[in-house]
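What follows is calculated from the coordinates using simple rules that are stated; it is not laboratory data. Just so we're clear, the structure is a prediction, and the values are computed from it rather than from any experiment. Note that we place each Cβ from the backbone using ideal geometry, even for glycine, and neighbour counts take in every protein chain shown.
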């Protein structure tokens, strides 16, 4: 998993999602636009994050481990029981 470039600027934070309110689109393969990065911040529980390309990678996210979404890379998430998380988007 890569890091968000230091030159990227935060421009949007989503509301907090739970295992019951996570948008369906996040549960299936999707991607961000060119130049758009995202940080997945878990505040409670566990979230399974899958990076589907260019190489498959699975990461279990928690309050101590955040996820980084690279621009245009297919990925999805799956709640592992009770969870609370939000996304923060960055432009490079």
Notebook entry, point to check: In nm, to one decimal, how far is the residue 27 label point from the residue 60 one, both placed 7 Å along Cα→Cβ?
Noted result: 2.1 nm
Check: Mind checking the alpha-carbon convex hull of the chain and giving the volume per residue in Å³?
Finding: 84 Å³
Next item on the list: Determine, for 13, 28, 39, the number of other Cβ atoms within 10 Å of each Cβ, and report the residues in order from fewest to most.
Entry: 28, 13, 39
Margin query: If you average the C-alpha positions of the stretch 4-39 and of the stretch 54-79 separately, how far apart do those two centres end up, in angstrom?
Written below: 10 Å
Check: Label-point separation (nm) for residue 78 and residue 13, each offset 7 Å from Cα along Cα-to-Cβ?
Finding: 2.9 nm
